[in-house]
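Undergrad: One structure, as structure tokens, below. Some questions next.
The values are calculated or read from the model by the stated rules, or taken from the named source; none is laboratory data. Since the model is a prediction, treat every value here as computed from it, not as a measurement. Reconstructed Cβ throughout: ideal geometry from the backbone, glycine too, with neighbour counts over all protein chains shown. Only protein heavy atoms, including side chains, enter the accessible area calculation; ligands, DNA and RNA are left aside. Shrake-Rupley method; radii C 1.70, N 1.55, O 1.52, S 1.80 Å.
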Amino acid sequence: MGRLILASASPRRKQLLEQAGVEFEVIESCVDENIRGTAEEMVAELALRKARAVAEKIKGEATVIGADTLVSIDSKVLEKPATRAEAFEMLKSLEGRKHTVYTGVAIIKGGVVKSFVESADVFFRPLTDAEIYAYIDTGEPFDKAGGYGIQGRGALLVEGIEGDFYTVMGLPLCRLFLHLNDGT
């Protein structure tokens, strides 16, 4: 596979690649993430921006992976909450309902770009306000799209999932490795 670079500072994406047993390095992309569109359009564009920003910095041959994840409910995109009130509002909108998580991935190798978007439906159980505030008090919601992390304490909020669990975590490993192993 050669030199592999993750264009992300996400600890979850780093953890997933480590779990997959591949050698890689991390180079943070630091791109402008202000963008509008549907969640699917946004994650596709942001993943590409991240991969391109890092690909332009490096010397020599490498494969660069950029990724971005967003949550959508009722056609509204839920990014990372900045305040306790935003976290509560997000989690309250998700409780007892289905929402969709989108993860976009862009792979750049030798100037060739390959990209895709995966989605998974997540079902939250009904929650009380006290349960939502207790979860917010853990601090976990503030660096995660939609205000929760399925791989952490947020798992207690999730009743079920349809689709790839790793898409919800932020890096659809199976599809990523299918793309990486077909020579691109």
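Undergrad: Could you tell me how many of the residues in the range 130-154 are in contact with a Phe, Trp or Tyr (Cβ under 9 Å, 6 or more places away or on another chain) and either closer than 21 Å to Gln19 by Cα or free of Cβ contacts under 8 Å to residues at least 60 places away in the same chain (or both)?
TA: The number of residues fulfilling the criteria is 10.
Undergrad: Could you grab me the full set of residues in the range 23-37 that are over 19 Å from Thr100 (Cβ atoms), modelled with pLDDT of 90 or more and surrounded by fewer than 14 Cβ atoms within 10 Å (Cβ to Cβ)?
TA: Glu23, Glu25, Glu28
Undergrad: Provide a single number: the residues in the range 74-115 that are touching a helix residue (DSSP H, G or I) at 6+ places or on another chain (Cβ under 9 Å), basic (Lys, Arg) and either surrounded by 13 or more Cβ atoms within 10 Å (Cβ to Cβ) or more than 28 Å from Tyr133 (Cβ to Cβ) (or both).
TA: Going through the range 74-115 one residue at a time, the tally reaches 5.
Undergrad: Would you please list the contacts, defined by Cβ atoms under 8 Å and residues six or more apart or on different chains, that run from a residue in the range 86-100 that is on the phi > 0 side of the Ramachandran plot to a residue that is open to solvent by 40 Å² or more (accessible area, probe 1.4 Å)?
TA: Gly96/Arg125; Gly96/Pro126
Undergrad: Which condition from (1) open to solvent by 50 Å² or more (accessible area, probe 1.4 Å); (2) part of a loop (DSSP other than H, G, I, E, B) is the one that Glu40 breaks?
TA: Only one criterion is unmet by Glu40, namely (2).
Undergrad: Ok, one more. Of the residues Val105, Val158, Val117, only one is of a type in the set (Val, Ile, Thr), farther than 26 Å from Gly37 by Cβ and modelled with pLDDT of 95 or more; which?
TA: The unique qualifying residue is Val158.
Undergrad: Taking the criterion of being touching a strand residue (DSSP E or B) at 6+ places or on another chain (Cβ under 7 Å), of a type outside the set (S, T, N, Q) and surrounded by 18 or more Cβ atoms within 10 Å (Cβ to Cβ), would at least one residue in the range 129-139 satisfy it?
TA: no
Undergrad: Further question on the same structure: Please go through the range 88-106 and give me each residue that is in contact with a Gly (Cβ under 8 Å, 6 or more places away or on another chain), in a strand (DSSP E or B) and either among the hydrophobic types (A, V, I, L, M, F, W, C) or farther than 30 Å from Gly2 by Cα (or both), ordered by number.
TA: His99, Val101, Val105, Ala106
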